[in-house]
1. For the chain, with a Gaussian network of springs between Cα atoms less than 10 Å apart, report the residue from 69, 228, 30 with the top mean-square fluctuation.
2. Taking the highest mean first, how do the peptides 182-190, 251-259 order by number of other beta carbon atoms within 10 angstrom per residue?
3. Charges only on Cβ, +1 for Lys and Arg, -1 for Asp and Glu: so what's the dipole of region 47-256 about the Cα centre, in debye to the nearest 20?
4. Filter the GluC sites (Glu not before Pro) in region 270-358 to those in DSSP coil with at most 13 other Cβ atoms within 10 Å of their Cβ, and list the result.
5. In debye to the nearest 20, how big a dipole does the chain give about its Cα centre with +1 on each Lys and Arg Cβ and -1 on each Asp and Glu Cβ?
6. Could you go through region 214-219 in sequence order and give the Karplus-derived ³J(HN,Hα) for each residue, using 6.51 cos²θ - 1.76 cosθ + 1.60 with θ = phi - 60°, rounded to whole Hz, and x for Gly and Pro?
7. State the extension gain, in nm to one decimal, for the chain segment bounded by residue 134 and residue 325, taking 0.36 nm per residue of separation less the distance between their alpha-carbons.
8. Enter the Cα centre distance for the pair region 283-324 and region 117-191, rounded to the nearest angstrom.
Amino acid sequence: MKWPSHGSNPRYLYEAMNKEMPAERVDFSANINPLGPPQELKVRWNNLFEYITDYPDPHASHLKHILAAREGIKETQILVGNGGAELITLIGRMLAGKKVLIIQPAFSEYEEACRVNGCMVAYHQLDPETWELDMEALSLKLREADALFFCNPNNPTGVFYPSAIVKELIERCRVYNCMLVMDEAFYDFVEEYQSIIPIINSHLHVMVLRSMTKMFSIPGLRLGYLLANESLIESVSTLKPHWSVNALALKAGEWCLESEKHVQLTKKLIKQERERLAHFYRKLEFAVSPSSVNFYLLKDTKIDNQLPLFQFLLEKGIIPRHTMNFPGLEGEWLRFAIKGPNDNEKLMEAIKEWRKVR
């Protein structure tokens with residue numbers, strides 16, 4: 001069967017599984033803020049209509065001005081894109097024909113964007129027992145790579161690697177003349193996040209990807225940005241079409257960046273629910289990844305193949321994210337977003353039912 005390559009849009013999953021989709025369901029397959037968009041966006045939503053009668057700013061000047069001030073860098077070190085996916089696609093084009101190394105498991109679009117551009121792709125696999133990054137083993141592969149894709153916090157595990165590890169990785173990439181593409185799509189869910197953005201001023205081989213769709217719950221608008229030194233930004237921007245980011249997304253992004261209270265409320269809720277879920281799972285002898293963000297991997301340790309659990313939950317209207325297209329996982333785990341207390345309670349009730357019969 002052909003597994004859907006992403007979470008969300010559950011009807012494609014039920015079609016692939018040849019199952020009828022329940023009328024009542026909770027989708028845990030997309031890692032979106034359970035609080036929804038910030039109030040700053042909700043109260044101004046009707047004002048967005050006026051922005052559809054003119055072309056959007058192809059340079060996203062105002063949004064870049066706000067981001068530059070927040071990050072302490074120049075506007076010329078920022079490229080705004082139609083979600084992180086567009087920026088990954090552009091990086092793949094820039095790396096056409098190069099040797100690319102991906103730390104796995106990871107977001108599948110890194111590999112897709114690179115392979116379609118004729119890149120030679122290799123993996124460095126994280127240990128599924130600890131998820132630790134073995135620098136010595138990785139260094140042996142960096143010698144042969146032109147670029148490394150590293151997702152931090154990692155998707156799908158939710159594991160966050162602190163700045164000390166990231167700085168060591170940056171240095172090793174520098175030694176081996178390897179570009180580092182670091183995807184920080186979920187950085188703003190991490191409580192103890194330490195920014196490495198100042199490093200891009202002195203390290204010409206580092207690119208940092210960010211997404212605004214997860215924290216601010218605007219995946220339908222598509223908005224992300226890339227941070228790097230000016231020469232790298234220029235190289236990527238020459239591949240980008242004009243007006244790929246629509247005016248509504250640009251204005252919504254500006255308003256979302258005003259909502260620090262929303263970010264703090266989200267972090268508090270996610271931490272509370274993550275700890276509650278982890279405690280629940282361990283009592284029932286499930287393995288759960290040591291996540292620092294709004295999603296996690298889950299495995300029933302009493303079975304080798306998680307497909308029966310996956311099918312059971314789908315029939316209950318609980319929709320996890322399969323891991324069949326994550327190299328190194330291949331279905332041995334399921335990924336779940338952390339949602340609000342009521343939805344998480346429905347998930348736990350379904351898991352209790354599963355444990356009664358297995």
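Bear in mind that the values in this text are calculations on the coordinates, not laboratory data. Just so it is clear, the structure is predicted and the values come from calculations on it, not from any experiment. Because the Cβ atoms are built from the backbone with ideal geometry, glycine has one as well, and the counts that use them run over all protein chains shown.
1. For the chain, modelled as a Gaussian network with Cα springs under 10 Å, the answer is 69.
2. So the order, starting with the most tightly packed, is 182-190, 251-259.
3. Computed about the Cα centre, the dipole is about 500 debye.
4. Of the GluC sites (Glu not before Pro), the ones in loops of region 270-358 whose Cβ has at most 13 other Cβ atoms within 10 Å are 285, 330.
5. On the way: 42 positive and 45 negative charges, 111 e Å.
Dipole size: approximately 540 debye.
6. Running phi through 6.51 cos²θ - 1.76 cosθ + 1.60 with θ = phi - 60° gives 7, 4, 9, 6, 10, x Hz.
7. Numbers: separation 191, 0.36 × 191 = 68.76 nm, distance 2.28 nm.
In short, 66.5 nm is gained.
8. Region 283-324 and region 117-191 have Cα centres separated by 25 Å.
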